[in-house]
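Peer 1: First the structure, then my questions, so here it is.
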Amino acid sequence: MGGAIAPETAPGGDARLRLQLELPIAEQVVGGPSEGDAHEAPIAGLRVLVAEDNEPNRRVLQVLLAPAGIYLTFAEDGVKAVDAATRGAFDLILMDANMPRMDGVDAVRAIRRLSGPVADMPIHMLTANAFEDDVRDYLAAGADGVLAKPVDVHQLYGLLAAVTAAVSRRAAA
C-alpha cells in the first residue's frame, strides 16, 4: 500500500509501532450488500448525532466519517443525546447501548416519545451488545437497526448511503 511500519521507543521505555499509510479519501461509497444492487451514493453533508461515552470510540468514528464530509455531533451519555436530538436537526442517530446517566435503550424510548419530526429520526444502535436478545430489545424500544462493534466500515457506509437516499427522497417530495 506504499506505507511504512517502524518500531519506536516511547517515553518510559515502552515500545510501540508507527504505521504510516497514504490512502485516498473516498468521495462516494458503494451501497451495502443488503441493498440489493450496489450503487454509488454521495454521503457528504449528512448530519449525524453519535451518542457514545467512550472517547476512543468517538475518535474512531471521527476518523472514519469526518473525511467523508459528514457533520458529526457527539453526546457522551443518553441524557445529552436526547437533549441534542431535541435541539438539532439530524439525519441519523448512532446510539451506544451502555452509557452513564441514561442508557441507549432508554434514550431511544425518550426520543420516540417526543413530538414532531425528531420522533421519526432514524436511530441505529452502534454497540458491542448485539446478541439476538439485545437486538430484539433495541428494536422493541424503537431503534431502526443495529450495527455491531467493532464497526464494520462497509456496513456503516451502507447505512449512511441508505439514509442519504432517504433524505434526498424526502427533499424531492
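The values are calculated or read from the model by the stated rules, or taken from the named source; none is laboratory data. Every value quoted in this text rests on a predicted model; they were computed, and no experiment measured them. Quick reminder, even Gly has a Cβ in these numbers, built from the backbone with ideal geometry, and neighbours come from all protein chains shown.
Peer 1: Exactly one of (1) at pLDDT 95 or above; (2) out of contact with any helix residue (DSSP H, G or I) (no Cβ under 8 Å at 6 or more places or on another chain); (3) closer than 20 Å to ASP144 by Cα is unmet by LEU61. Its number?
Peer 2: Among (1) at pLDDT 95 or above; (2) out of contact with any helix residue (DSSP H, G or I) (no Cβ under 8 Å at 6 or more places or on another chain); (3) closer than 20 Å to ASP144 by Cα, the lone unmet condition for LEU61 is (1).
So that you can scan it fast, the table gives a plain yes or no per residue for (1) among the polar types (S, T, N, Q); (2) buried (at least 16 other Cβ atoms within 10 Å of the Cβ); (3) in contact (Cβ under 8 Å) with a residue 12 or more places away in the chain; (4) touching a Pro at 6+ places or on another chain (Cβ under 8 Å):
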{"position": "GLY116", "(1), (2), (3), (4)": "no, no, no, no"}
{"position": "LEU126", "(1), (2), (3), (4)": "no, yes, yes, no"}
{"position": "ASP133", "(1), (2), (3), (4)": "no, no, no, no"}
{"position": "ARG136", "(1), (2), (3), (4)": "no, no, no, no"}
{"position": "ALA140", "(1), (2), (3), (4)": "no, no, no, no"}
{"position": "ALA143", "(1), (2), (3), (4)": "no, yes, yes, no"}
{"position": "VAL153", "(1), (2), (3), (4)": "no, no, yes, no"}
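Peer 1: Can you tell me how many residues within segment 59-70 are under 10 Å from the mean Cα position of the chain (by Cα) and crowded, with 18+ Cβ neighbours inside 10 Å?
Peer 2: Matching residues across segment 59-70 total 2.
Peer 1: Considering each of ARG101, ARG113 in turn, give the residue that is within 14 Å of ALA51 (Cα to Cα) and touching a helix residue (DSSP H, G or I) at 6+ places or on another chain (Cβ under 8 Å).
Peer 2: Values: ARG113 fails: within 14 Å of ALA51 (Cα to Cα).
Checking each option against the conditions leaves just ARG101.
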